[in-house]
Amino acid sequence: MNYYGNSVNNLIQHFARLPGIGGKSAQRLAFHVINMPEDEAKAFAQSILNAKQEVRFCAKCCNLTDNELCDICSNPSRDSSTVMVVESPRDMAAYEKTGEYKGLYHILHGAMSPMRDIGPEDIKIKELLARINDDIKEVILATNPTVEGEATAVYISRLLKPMGIVVSRIAHGVPMGSDIEFVDQITLSRALEGRRQI
Ligand code: ZN
């Protein structure tokens, strides 16, 4: 039933396609947008286009950025001898919030999963290998403690160890099966401190 006309229905449908947004929330958001002042609605629409057009992968760590290098890679006070490998930009943000880690990151944008047909070539592993140089002394594998995250960590460690790099895995203070993004900061700090060489 077309209660509101095509424009409103179209907007509702777009919101309903977003993750975690059900039909009722989609309607609420669509009506919120319709009631926005025109300037605000334009800025909102433009921010979606800008994000889509301007955002790219950092040339070094594959983080999302508007520039060639992300803020972390272009910060000279970061310790470039340590690289922490994480699955997503949100995991990186979680470690940044602990304030404990001063090294660089590498964002894989996923984890290997035979079940979902995601192989090593589908995530940013070759980009990691390409940036390994003499400056890098340690790679910390901080993929999620899930079956996929563990398999990815083991795969990467097998590639890196012959290159003479210290490879470590975060400690299991992070509960098995959990998503790093949602683990509290103290647990993450402890997991990082308690990392062991593999
Ligand atoms: Zn970067």
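The values are calculated or read from the model by the stated rules, or taken from the named source; none is laboratory data. Everything numeric in this text was worked out from a predicted model, so none of it was measured. Here the Cβ is made from the backbone with ideal geometry for all residues, glycine too, and neighbour counts use every protein chain on show.
Details
- For the stretch 108-130, filtering for residues that are touching a Cys at 6+ places or on another chain (Cβ under 8 Å) and assigned to a helix (DSSP H, G or I) leaves 1.
- Candidates 105, 155, 101, filtered to the one that is assigned to a loop (DSSP other than H, G, I, E, B) and either of a type in the set (Phe, Trp, Tyr) or at pLDDT 95 or above (or both): 101
- Taken together, the residues in the stretch 1-22 that are in a helix (DSSP H, G or I) and surrounded by 11 or more Cβ atoms within 10 Å (Cβ to Cβ) amount to 9.
- Which listed residue is surrounded by 14 or more Cβ atoms within 10 Å (Cβ to Cβ) and within 13 Å of the ligand (Cβ to nearest atom), from 105, 155, 101: 105
- Take the conditions (1) farther than 30 Å from residue 12 by Cα; (2) modelled with pLDDT of 95 or more; (3) over 19 Å from the mean Cα position of the chain (by Cα); (4) not aromatic (Phe, Trp, Tyr); residue 62 misses just one of them, which is (3).
- Condition check for residue 94: away from the ligand (no atom under 13 Å from the Cβ) and either in contact (Cβ under 8 Å) with a residue 12 or more places away in the chain or part of a strand (DSSP E or B) (or both): yes
- Applying the criterion of being over 18 Å from residue 165 (Cβ atoms) and not in a loop (DSSP other than H, G, I, E, B) to the residues of the stretch 59-83, the residue that is nearest to the ligand (Cβ to nearest atom) is 65.
- Subset of the stretch 70-94 that is touching a helix residue (DSSP H, G or I) at 6+ places or on another chain (Cβ under 6 Å) and surrounded by 17 or more Cβ atoms within 10 Å (Cβ to Cβ) - its residue that is modelled with the highest pLDDT: 86
- Count of the stretch 39-58 residues which are within 11 Å of the ligand (Cβ to nearest atom) and touching a helix residue (DSSP H, G or I) at 6+ places or on another chain (Cβ under 9 Å): 1
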